[in-house]
Structure formats: structure tokens, C-alpha cells
Amino acid sequence: MADTETTFHFEIKADLLSENTLKFLETVPEGRFQFEIGVQSTNTKTLEAIGRENNWKKLADNVGRLLQNNNIHLHLDLIAGLPYEGLKEFIKSFNDVYGLRPHMLQLGFLKVLQGTVMQSQAQEHGLLYMSEPPYEVVQTKYMGYEELRFLKVLEDVFENTYNTGKFNNVLAYLIKANNGTAFDFYRKLTEWWESRGLYPQGHNARGVTKLLWEFTCDCYPSEKTNVKEILRFDVFVSQPNWLPSWMGWKTAELNERAMAFWRDKDEVRQYLPDYIFSTWRQIRKNYPIEAFDYNVYSGVAERVVFMADYSNGKCIVKPLISKYLQNN
């Protein structure tokens with residue numbers, strides 16, 4: 001297994017993982033496995049109706065252990081439009097699964113295929129669905145057309161924000177500031193998104209960064225100071241070498257002290273043991289240093305300096321307490 005860089009994708013039932021299997025999965029090289037876990041719903045009556053059985057506690061515990069290892073990408077699925085699941089029940093399922101914080105949470109919609117149990121039970125559950133592929137449900141006895149349509153917009157918003165993995169810290173902060181559940185926050189974001197005519201347009205990460213800032217200014221003006229710093233940190237980590245001026249970067253302010261830091265090899269090797277100077281261009285590209293006025297790790301509004309190490313193709317963030325970078 002160590003002789004390949006191939007990523008193997010598996011669809012698994014996480015509540016069936018044994019202790020021995022979990023221990024084995026701890027040893028898997030990072031990026032080698034990717035798991036898709038079809039939760040679909042956490043509503044017991046719904047699961048019974050579709051012939052599934054999930055031990056939610058066991059599933060949640062096992063997903064938690066897999067995430068703790070941080071070596072396997074986890075993709076959990078929910079389905080809207082299932083029997084006995086109205087919007088209230090779907091919201092609970094969403095909040096249950098979101099609370100596990102998987103790498104991706106895929107929101108899908110029931111498809112009523114010919115010859116399936118769902119087709120035979122369509123009248124019983126009031127399933128109205130497209131007559132052509134993908135045969136997707138547009139209304140049920142439990143969830144109306146407008147509710148399902150809203151979830152389609154929310155799915156698009158969610159794909160552009162949470163599922164990119166580029167805005168983890170700012171989304172967590174805004175959810176807490178919203179004083180409600182995760183779904184309450186994404187409902188508010190979705191309503192704002194649609195009011196601005198942003199659905200069904202395409203969006204890239206840089207565009208979404210600006211949109212999250214505009215959303216904050218409109219809906220959470222008292223949080224702007226902290227949010228800008230947290231959003232800037234997310235950009236620093238996940239969108240390397242992009243420094244939009246509106247975010248207030250401290251690069252120029254730190255330049256002389258950062259140069260002094262890099263000239264002291266003994267000091268640098270406290271953070272990068274294998275450090276060998278190449279060129280200043282490579283230093284700036286692979287090891288950017290930036291100051292922030294909010295510490296995402298402590299949750300405190302305080303000045304902190306971080307280095308991002310991109311040298312191995314992924315970002316490792318290191319707090320710098322070097323004598324050269326203090327007293328900012």
C-alpha cells in the first residue's frame with residue numbers, strides 16, 4: 001500500500017466498523033483512502049421505510065474516530081424528499097450530521113427510479129417526481145415544492161462554502177454568532193444569497209470569499225472586525241499567495257522583521273528543522289508569514305503571527321514566537 005499514490009474510494013456503512021478495523025485504519029497513509037458514508041437520514045421511521053438501519057450512536061462515534069486520525073477523507077450523504085421526513089425532520093438530520101464535521105456533507109434529493117420500492121410506494125407517500133431522468137422528487141406528502149426548492153438553493157450555497165473546505169474557521173465563527181443551529185445559519189445565508197441573485201450562478205473560491213465578507217457586513221455588522229481576521233486566516237491557509245488588498249494584509253509591515261528571521265538559520269530551524277535557503281522568491285511562496293489580530297486556535301482577539309508551510313503540497317500552519325516577530 002505504501003508503493004502507490006492512488007486514492008481508493010469506498011462506500012461504507014460506518015456503524016459496522018469493528019475495533020480491529022478502526023485500529024487498522026489508523027495506520028493508513030494520509031490520502032490513500034476516501035470513504036463515502038450514506039447516512040441519508042437520522043429519522044428512524046424514515047430509515048425503516050427505505051429499508052435501512054443505522055446505529056446512529058455507533059456511526060457517530062466511528063466517524064469521530066476516523067476524523068480524529070485525519071488521514072481519510074470522509075464524505076457523508078443526506079437525502080431530501082424521503083418518506084416521513086418533512087422539513088423539520090430533515091433539519092434535525094442535517095444538524096446531526098453537520099455536528100460530526102465531516103470533510104464533505106453531500107445534500108442529495110430522492111430519485112424515484114422505475115422498478116424500485118419508492119416507485120411502488122409513490123402514491124402512499126405523495127411523491128411527485130420528474131417524468132424524465134433524473135426522476136428527482138419535487139414534492140412529497142411531507143415536504144412541499146417550495147421547501148424542496150429552497151433546499152436545492154441551500155445545496156448550491158453549501159457546495160460553494162462548507163464543502164470547499166476553504167472557509168472552515170469563518171463558518172464556525174458565524175454559526176456561533178448566529179445563536180442558533182447550523183441549519184439556521186445556512187438558511188439565513190441561503191436567503192441572503194438568493195436575494196442577491198447569486199443562484200444559480202457559478203462561483204470560484206475568491207468570489208465566495210468576498211461574498212462571505214459582504215454577507216457579514218449586511219447580517220453581522222458587529223462581528224466585522226473578528227470576521228475579517230478569521231476570513232483572512234482561512235485565505236492564508238487555503239488560497240496561497242492570494243493577497244486581496246481589501247483584507248488588510250500585514251505583509252509589508254512585517255517585511256523587515258521577517259527578513260531578519262530568515263537570515264538567522266538557527267532561529268528558522270526551530271520551526272523548520274530541515275530548512276535550507278534557496279531563493280527569496282521560494283521563501284515567500286512556500287513559507288509566507290502573516291500577523292492576525294484574532295487567534296483562531298484560542299478564540300481570542302489577540303495579535304498572533306503564523307507561518308504557513310506549503311513546501312510539501314499542503315498547508316501546515318505554525319505559530320511563530322520568534323524574537324524577530326514580536327512587539328508588533
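Does residue 199 satisfy the condition of being under 30 Å from residue 314 (Cβ atoms) and either open to solvent by 50 Å² or more (accessible area, probe 1.4 Å) or not aliphatic (A, V, I, L, M) (or both)?
no
Could you check, for the stretch 257-269, whether at least one of its residues is in a helix (DSSP H, G or I), within 23 Å of residue 230 (Cβ to Cβ) and touching a residue at least 24 places away in the same chain (Cβ under 8 Å)?
Yes; the residues of the stretch 257-269 include at least one that is in a helix (DSSP H, G or I), within 23 Å of residue 230 (Cβ to Cβ) and touching a residue at least 24 places away in the same chain (Cβ under 8 Å).
Take the residues in the stretch 308-328 that are within 15 Å of residue 270 (Cβ to Cβ) and of a type in the set (Lys, Arg), then tell me which one is surrounded by the most Cβ atoms within 10 Å (Cβ to Cβ).
Applying the filter and picking the extreme gives 318.
Any residue at all in the stretch 295-307 that's under 21 Å from the mean Cα position of the chain (by Cα), touching a residue at least 12 places away in the same chain (Cβ under 8 Å) and crowded, with 17+ Cβ neighbours inside 10 Å?
yes
Within the stretch 158-175, track down each residue that is part of a helix (DSSP H, G or I) and touching a helix residue (DSSP H, G or I) at 6+ places or on another chain (Cβ under 9 Å).
If the condition is that a residue be part of a helix (DSSP H, G or I) and touching a helix residue (DSSP H, G or I) at 6+ places or on another chain (Cβ under 9 Å), then 158, 160, 162, 164, 168, 169, 170, 171, 172, 173, 174, 175 are the ones that fit.
Consider the stretch 284-296. How many of its residues are modelled with pLDDT under 95 and more than 17 Å from residue 269 (Cα to Cα)?
1
Among the residues of the stretch 111-139 satisfying the criterion of being at negative phi and either in contact with a Ser or Thr (Cβ under 8 Å, 6 or more places away or on another chain) or of a type in the set (Lys, Arg) (or both), which is surrounded by the most Cβ atoms within 10 Å (Cβ to Cβ)?
Among them, the one singled out is 127.
Identify all residues within the stretch 161-185 that are among the polar types (S, T, N, Q), open to solvent by 40 Å² or more (accessible area, probe 1.4 Å) and touching a residue at least 40 places away in the same chain (Cβ under 8 Å); write none if there are none.
Within the stretch 161-185, 164, 168, 169, 181 qualify.
Could you tell me how many of the residues in the stretch 176-209 are in contact with a helix residue (DSSP H, G or I) (Cβ under 7 Å, 6 or more places away or on another chain), of a type in the set (D, E, K, R) and within 26 Å of residue 297 (Cβ to Cβ)?
Total meeting the criteria: 0.
Go through the stretch 70-102 and give me each residue that's of a type in the set (S, T, N, Q) and either modelled with pLDDT of 95 or more or in contact with a helix residue (DSSP H, G or I) (Cβ under 7 Å, 6 or more places away or on another chain) (or both).
71, 93, 95
Given the conditions (1) surrounded by fewer than 12 Cβ atoms within 10 Å (Cβ to Cβ); (2) over 15 Å from residue 324 (Cα atoms), report the number of the one that residue 265 does not fulfil.
Every condition holds for residue 265 apart from (2).
Given the structure, is residue 155 open to solvent by 30 Å² or more (accessible area, probe 1.4 Å), of a type in the set (D, E, K, R), in a helix (DSSP H, G or I) and touching a strand residue (DSSP E or B) at 6+ places or on another chain (Cβ under 6 Å)?
Yes; evaluated as a whole, the condition is true for this residue.
Does at least one position in the stretch 87-102 carry a residue that is assigned to a loop (DSSP other than H, G, I, E, B), open to solvent by 10 Å² or more (accessible area, probe 1.4 Å), in contact (Cβ under 8 Å) with a residue 60 or more places away in the chain and over 24 Å from residue 163 (Cα atoms)?
no
The values are calculated or read from the model by the stated rules, or taken from the named source; none is laboratory data. Note that the coordinates shown come from a computational prediction; the quantities given were computed from them, not determined experimentally. Note that we place each Cβ from the backbone using ideal geometry, even for glycine, and neighbour counts take in every protein chain shown. We work out accessible area using only protein heavy atoms, side chains counted, and drop any ligands, DNA or RNA first. Shrake-Rupley method; radii C 1.70, N 1.55, O 1.52, S 1.80 Å.
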